[in-house]
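The values are calculated or read from the model by the stated rules, or taken from the named source; none is laboratory data. Keep in mind the model is a prediction, meaning the values are calculated, not measured. A quick note on method: Cβ atoms are made from the backbone with ideal geometry, for glycine too, and the neighbour counts reach across all protein chains shown. The protein model used for the area step is the full one, side chains on, heavy atoms only, and it has no ligands, DNA or RNA in it. Shrake-Rupley method; radii C 1.70, N 1.55, O 1.52, S 1.80 Å.
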Amino acid sequence: MFRSCATLAARAAGRSAMTAQTAPTIRNLATASSVVSGSRSHKVVVIGGGTAGLAISHQLLRSGKFAQDDIAVVDPAEWHHYQPGWTLVGGGLKTKESLRRPMNRLIDPKLKFYSDSVGAFSLEDNFITLGNGDKVNYDQLVVAPGITVNNGSVKGLPEALADPHSPVSSIYGYDTVDKVFPSIEKLKKGNAIFTQPAGVIKCAGAPQKIMWLALDYWKRAGLYSPSNPSASAVNITFATGLPSMFAVPRYSAKLEEMRKERGVEGLFQHDLVAIDGNTATFARPDGQDQVTKRFDLLHVVPKMGPHAFVKNSALANEVGYVDVDEATTRHKKYTNVWSAGDASSLPTSKTAAAITAEAPVLVSNLLSSIQGKDLVAAYDGYASCPLVTGYGEVLLAEFKYGGVPQETFGWLVDQTVPRRAFYHLKKDFFPWVHYQSMVKGTWGGPKGWLK
Ligand code: UQ1
């Protein structure tokens, strides 16, 4: 079931060598064609080549209403990562290399690709300035650059993550995700603490998914007995800055029941602020004293937030997200600006599943807007969290705005019960459909394939 570290390393070496050779050739071709056209104006500019940016730009292209280079994508990243898979890397089920693709290979040649960052927005004049100083004009702008993971939000965290001997790791980063499973394997006794910060993060279920996988691993290794945790070699604590296991009451109740049944200590409203050697320090609300805990393994989820270039722009709301209407995805002030995905202010979970429903709404409304028609498509807040609760089991939480359940398979089964079929959706089907369809603009999530 588990891959050995040697296999992981061998695969890493093989894959990156292959992609390093092929990637630059494709990029040079793309650059050459833009020099010929000389165009720095586009009907639509999409900032971000992540899940939202790629789904939206390819859905726009597939509408048939755009010619060569009418749409541009801007992203400085060399790689596109399927981040939902990183929990599985932490559980020893996948390699991080298998979840990424070179960005330029995912972008249709009919799209103009600017492999650069964004320096500034000139929203009144409808252009952006790239990191290299070039100006790019647009009629419509889609802002979908995602958010940043701020390792610096916890004192001592960057150093602890970088230290190969420290038992501190995180699934929330390409550089740190492959430290997670070896740390789980290495622990033979002591305190294992899994943290979740107060505030908004991407995939709010992941901090506990990796805990449930580790628990199952230690259980199978004879190091943890859910029915007798105090007599077990390993003790498990979930320390979260939030007041409950999950934001949606229907699933939170079930997960809280599971936490108690499985003997996991719950420290709620405990927000990790510092790591010093084997001691973790947590802030408490309402002026209460900080709490310190000794650990033998610490899985950290840092705080996250908007990119500075978004937060410091006129596009941002008071907390830094692109301020869009929660139904239409159009910016509240700039009517030719749109946003979806993690960078948007849409008051839902920051997940790829949410983007399956956001992207078609944004695309439909953007096209209507270009044609001078009313915006009729409305996003209902659909999001999902395939909550891995152990090897071979997933609780498929699905909900819309207001934390109201909206379950695709609710007519068939009770979705608060973890199931093997949902585990295979999460582990095998979603990663496959992501690269096969989602990034190409042909996947509509619970609605199936788009026409
Ligand atoms: C989904 O489409 C998707 O993207 C490929 C996910 O992966 C990140 C999901 O987690 C979920 C839940 C969906 C929604 C699709 C179905 C069939 C429920």
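I'm told Asp323 meets every condition in (1) open to solvent by 30 Å² or more (accessible area, probe 1.4 Å); (2) in contact (Cβ under 8 Å) with a residue 40 or more places away in the chain; (3) under 30 Å from Tyr174 (Cα atoms) except one. Can you identify the failing condition by its number?
All conditions are met except number (2).
Need the failing condition index for Asn151 against (1) under 20 Å from the mean Cα position of the chain (by Cα); (2) exposed (fewer than 14 other Cβ atoms within 10 Å of the Cβ), just the number.
Among (1) under 20 Å from the mean Cα position of the chain (by Cα); (2) exposed (fewer than 14 other Cβ atoms within 10 Å of the Cβ), Asn151 violates only (2).
Gly381 fails exactly one of the following numbered conditions: (1) within 15 Å of the ligand (Cβ to nearest atom); (2) surrounded by fewer than 18 Cβ atoms within 10 Å (Cβ to Cβ). What is the number of that condition?
(2)
Return the residue satisfying two criteria in turn: it lies in the range 397-406 and is open to solvent by less than 40 Å² (accessible area, probe 1.4 Å) and farther than 14 Å from Lys447 by Cβ, and of such residues it is farthest from the ligand (Cβ to nearest atom).
Among them, the one singled out is Gly403.
For the range 412-451, which residues satisfy the criterion of being away from the ligand (no atom under 13 Å from the Cβ), in a loop (DSSP other than H, G, I, E, B) and out of contact with any Lys or Arg (no Cβ under 7 Å at 6 or more places or on another chain)?
Asp414, Val417, Pro418, Lys451
Within the range 203-216, identify whether any single residue is within 26 Å of His307 (Cα to Cα), surrounded by fewer than 24 Cβ atoms within 10 Å (Cβ to Cβ) and among the acidic types (Asp, Glu), and answer yes or no.
Scanning the range 203-216, I find no residue that is within 26 Å of His307 (Cα to Cα), surrounded by fewer than 24 Cβ atoms within 10 Å (Cβ to Cβ) and among the acidic types (Asp, Glu), so the answer is no.
Taking the range 92-102 only, how many residues are in a loop (DSSP other than H, G, I, E, B) and either within 16 Å of the ligand (Cβ to nearest atom) or touching a Lys or Arg at 6+ places or on another chain (Cβ under 8 Å) (or both)?
Going through the range 92-102 one residue at a time, the tally reaches 4.
From Val301, Val310, Val273, Val264, grab the single residue that is among the hydrophobic types (A, V, I, L, M, F, W, C) and over 25 Å from the mean Cα position of the chain (by Cα).
Val264
How many residues, within the range 276-318, are of a type outside the set (D, E, K, R), surrounded by fewer than 20 Cβ atoms within 10 Å (Cβ to Cβ) and under 20 Å from Ile210 (Cβ atoms)?
2
Checking Thr328 against (1) β-branched (Val, Ile, Thr); (2) within 22 Å of Gly49 (Cβ to Cβ); (3) assigned to a loop (DSSP other than H, G, I, E, B), only one condition comes out false. Which one?
(2)
Would you pick out the residues in the range 52-83 that are touching a Pro at 6+ places or on another chain (Cβ under 7 Å) and assigned to a loop (DSSP other than H, G, I, E, B)?
Glu78, Tyr82
Applying the selection to the range 173-189, what residues are open to solvent by less than 20 Å² (accessible area, probe 1.4 Å) and over 25 Å from the mean Cα position of the chain (by Cα)?
Leu187
For the range 366-425, enumerate the residues that are touching a residue at least 24 places away in the same chain (Cβ under 8 Å) and of a type in the set (Gly, Ala, Ser).
Listed by number, the residues that qualify are Ser369, Ala377, Ala378, Gly381, Ala383, Ser384, Gly390, Gly392, Ala397, Gly403.
Of the residues in the range 407-424, how many are surrounded by fewer than 18 Cβ atoms within 10 Å (Cβ to Cβ) and either over 26 Å from Leu346 (Cα atoms) or under 21 Å from the mean Cα position of the chain (by Cα) (or both)?
Residues meeting the conditions: 8.
Note down all Cβ pairs under 7 Å where the first residue falls in the range 347-364 and is within 12 Å of Gly445 (Cα to Cα), the second is among the aromatic types (Phe, Trp, Tyr) and open to solvent by less than 30 Å² (accessible area, probe 1.4 Å), and they're at least six residues apart or on different chains.
Final answer for the pair search is Ala354/Tyr382; Thr356/Trp443; Ala357/Tyr379; Ala357/Tyr382; Glu358/Tyr379.
If we keep just the residues of the range 347-365 that are away from the ligand (no atom under 13 Å from the Cβ) and part of a helix (DSSP H, G or I), which is surrounded by the most Cβ atoms within 10 Å (Cβ to Cβ)?
For the range 347-365, the residue satisfying everything is Leu362.
Of these, Ser368, Ser344, which one is more than 13 Å from the ligand (Cβ to nearest atom) and buried (at least 24 other Cβ atoms within 10 Å of the Cβ)?
Unique residue meeting the criteria: Ser344.
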